[in-house]
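All remarks here apply to the structure that follows.
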Amino acid sequence: MTGKVVLGGVLAVIALYGALWALNARDQAPSAQVQGFHAERARRPVLADADNAFVYLSGMGAAKGEDPQQVGAAHIKRLAGAARQETLALPGGAPALRKARSPAVQQLASICSQDAKACAEALPTSDATLTQWLASEGWWLERYHALIQHAGWRDADAADIALVFPPYQHALDGQQLLLLQAWQRAHAGDAAAAQALLDSDLLFWRRVLRESDLLVSKSIAAAAIRRHFALGNLVLREQAIAPPAGWAVPFTVQERSMRRALAGELRLVEGATDSALASAAPAQTGLERVIYALQAPFFKRQATINLIAADYEVLAAVSERPLPELPDALAQAQKNTATVGPGWLYNPTGHLLQQVGSGTLRYGDYLFQFADLEGLRRTAWTTADLRTRGQDRAGMTAVLTAAPLRDPYGGEPLRWSAAQDAVVFDARAKRFGPSRLWVIY
């Protein structure tokens with residue numbers, strides 16, 4: 001009797017495996033979502049190296065006297081022939097700017113990279129230090145001015161993240177110099193020059209935000225824009241200068257959309273998957289070969305890519321919804337993707353990888369990182385505008401309640417914080433800085 005039970009159990013396991021094997025016998029064709037993301041990449045406008053800020057930034061760490069555009073183009077050309085996962089040092093390495101700074105400059109740089117309120121308190125007594133800083137790193141500031149004058153942004157086409165990561169810190173160091181240069185111009189009474197510097201900086205980073213082909217570059221652009229408004233507000237605060245024209249322009253759906261960046265992310269997923277499959281160590285023993293043969297049918301390369309692309313399409317579509325609809329739309333998408341159904345019987349390994357490695361639950365906060373920028377813009381513009389009109393702090397709450405620019409999600413008024421002496425916007429992104437973004441008055 002026991003033998004029959006054991007035999008029956010073995011036969012049941014074999015039958016179940018056979019049924020699963022039959023179900024997993026074939027991979028899928030590329031889905032409509034995959035084809036849509038491939039078409040998205042194909043629609044990117046052609047951009048000459050001379051017009052591509054990504055190329056210039058790739059060479060921005062070149063030695064003083066060298067042409068960053070030429071150095072960056074040569075570096076990217078080497079990338080095209082590099083083996084997957086090959087490490088190629090960025091041209092010139094990290095500049096020694098920070099190490100060469102005086103203690104006073106280092107302190108000011110640190111203060112003005114962390115806390116806008118502390119920076120506002122430090123700048124009026126640091127005019128000599130700022131002058132020294134801008135003079136000693138004038139050549140680097142010139143490089144940043146050259147960077148932001150480029151006509152467009154297009155990330156490298158390599159399918160490996162290790163080959164396409166430019167030195168973003170070089171750009172952020174340059175941005176800090178430009179914003180402090182703008183403060184110095186405002187401090188000297190040259191409002192027009194200060195406004196022009198702010199406009200050129202914001203225009204560039206909004207271009208990168210719109211044209212990024214990867215989430216990392218889009219995220220860097222969002223971080224730069226947040227700093228632009230924080231330090232840019234200090235520039236305008238110096239002489240109660242009116243906000244520049246660019247601050248009045250709402251962020252567009254195209255700027256906050258994740259579609260183009262997710263198309264690039266899907267290309268990286270495809271490249272990483274193909275690389276892993278190609279580099280997998282061959283089975284060495286008979287047992288290893290048996291185990292591999294038994295489990296191999298349960299991972300389907302294209303079906304896995306299709307799963308990830310379906311998730312990306314949901315995120316892309318939600319990111320393009322009107323801002324008042326966005327929180328509920330994302331919550332519903334997260335609820336839907338958290339449901340596990342019988343589809344796991346086909347390509348179970350791929351389903352597991354998709355749940356671990358991607359999904360709206362993981363990337364949803366990116367969506368708010370970009371959408372929150374409109375709330376911050378409204379906060380910064382309102383603060384600068386009220387300051388220009390001489391609004392008394394005592395009546396700020398009532399003024400904000402009646403102000404036309406409000407929270408972009410729920411329509412609530414922006415808030416006044418007497419403790420912070422700031423107008424406050426309650427951001428939704430949790431992983432990318434404080435949930436409350438405030439602009440000091």
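The values are calculated or read from the model by the stated rules, or taken from the named source; none is laboratory data. Just so you know, these numbers come straight off a predicted model, no measurement behind them. Cβ coordinates were reconstructed from backbone atoms using ideal geometry, including for glycine residues, and neighbour counts include every protein chain displayed. Side chains are part of the model used for accessible areas, which takes the heavy atoms of the whole protein and leaves out ligands, DNA and RNA. Shrake-Rupley method; radii C 1.70, N 1.55, O 1.52, S 1.80 Å.
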Exercise. Among the lysines, which have Cα under 27 Å from the Cα of LYS64 when same-chain residues fewer than 8 positions away are ignored?
Worked result: LYS77, LYS99
Seminar exercise, completed: Of the stretch 29-53, those with amide N under 15 Å from the point 7 Å along the Cα→Cβ vector of GLN70 are 50
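Which net charge results for the neighbourhood of TYR56, defined as the other residues with beta-carbon distances under 11 angstrom from its beta-carbon, given Lys and Arg at +1 and Asp and Glu at -1? Spell out each step's value before the answer.
Details: positive: ARG143; negative: ASP49, ASP51, ASP67.
Charge balance near TYR56 sits at -2.
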Exercise. How much of the accessible area of the stretch 104-251, in percent, comes from carbon and sulfur atoms when a 1.4 Å probe is used?
Worked result: 54 percent
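Residue separation times 0.36 nm, minus the C-alpha to C-alpha distance between ASP392 and ALA276: what's the value?
Details: separation 116, 0.36 × 116 = 41.76 nm, distance 6.23 nm.
Roughly 35.5 nm would be gained on extension.
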Seminar exercise, completed: Nearest-0.05 FRET efficiency for ALA32 and ALA242 at R0 = 60 Å, using Cβ-Cβ distance, is 0.80
Seminar exercise, completed: Total charge of the residues flanking ASN336 in space, meaning their Cβ is under 14 Å from its Cβ, with Lys and Arg +1 and Asp and Glu -1, is -2
For this session: Grab the Cα-Cα distance for ASP328 and GLU142, subtract it from 0.36 nm times how many residues apart they are, and report the gain in nm with one decimal.
Result: 62.5 nm
Exercise. Stretched out fully, how many nm does the piece from ALA39 to LYS77 gain, at 0.36 nm a residue minus the Cα gap?
Worked result: 11.2 nm
